[in-house]
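**Student:** Sharing a structure below in structure tokens format, with a few things to ask.
The values are calculated or read from the model by the stated rules, or taken from the named source; none is laboratory data. Since the model is a prediction, treat every value here as computed from it, not as a measurement. Cβ: placed from backbone, ideal geometry, glycine included. Neighbour counts: every protein chain shown.
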């Protein structure tokens, strides 16, 4: 049995397609005879870049609001590191906001 993990990442609208492709190509979203399976929903990301930050969007010290997409998918544990690496490479932010955790599904 393979342990599954849920992965959630927030990305600016402009880069959602690139992140979806990168994580899917790395193995995220594989369910049976399907690949690149995910769920997306729109939202607003809020953050304030601190001194020393080099933000893709915004200015250090100034609060920022960005139209973002929340991407959710399932990832098999043995490809989770590769998926996170692909996510980081495709994501425009210095520090992408993402999280993962084991789920009660096994393959």
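**Student:** I need the full set of residues from the range 56-68 which are under 20 Å from the mean Cα position of the chain (by Cα) and either surrounded by fewer than 12 Cβ atoms within 10 Å (Cβ to Cβ) or modelled with pLDDT of 95 or more (or both), in order please.
**Tutor:** 64, 65, 66, 67, 68
**Student:** Which of the residues belonging to the range 29-41 are at pLDDT 95 or above and either surrounded by 14 or more Cβ atoms within 10 Å (Cβ to Cβ) or closer than 19 Å to residue 100 by Cα (or both)?
**Tutor:** Matches in the range 29-41: 29, 30, 35, 36, 37, 38, 39, 40, 41.
**Student:** Which of the residues that make up the range 65-90 are touching a helix residue (DSSP H, G or I) at 6+ places or on another chain (Cβ under 8 Å) and farther than 23 Å from residue 4 by Cα?
**Tutor:** 67, 68, listed by residue number.
**Student:** Surrounded by fewer than 17 Cβ atoms within 10 Å (Cβ to Cβ) and either under 16 Å from the mean Cα position of the chain (by Cα) or at pLDDT 95 or above (or both): which single residue out of 107, 88 fits that description?
**Tutor:** 88
**Student:** Identify, by number, the condition in (1) surrounded by 14 or more Cβ atoms within 10 Å (Cβ to Cβ); (2) within 13 Å of residue 5 (Cα to Cα) that residue 97 doesn't meet.
**Tutor:** (2)
**Student:** What is the number of the single condition among (1) touching a strand residue (DSSP E or B) at 6+ places or on another chain (Cβ under 6 Å); (2) on the phi > 0 side of the Ramachandran plot; (3) surrounded by fewer than 11 Cβ atoms within 10 Å (Cβ to Cβ) that residue 46 does not meet?
**Tutor:** The number of the failed condition is (2).
**Student:** Given the residues 6, 22, 16, 26, which is the only one that is surrounded by 14 or more Cβ atoms within 10 Å (Cβ to Cβ), within 13 Å of residue 96 (Cα to Cα) and modelled with pLDDT of 95 or more?
**Tutor:** Residue meeting the stated conditions: 16.
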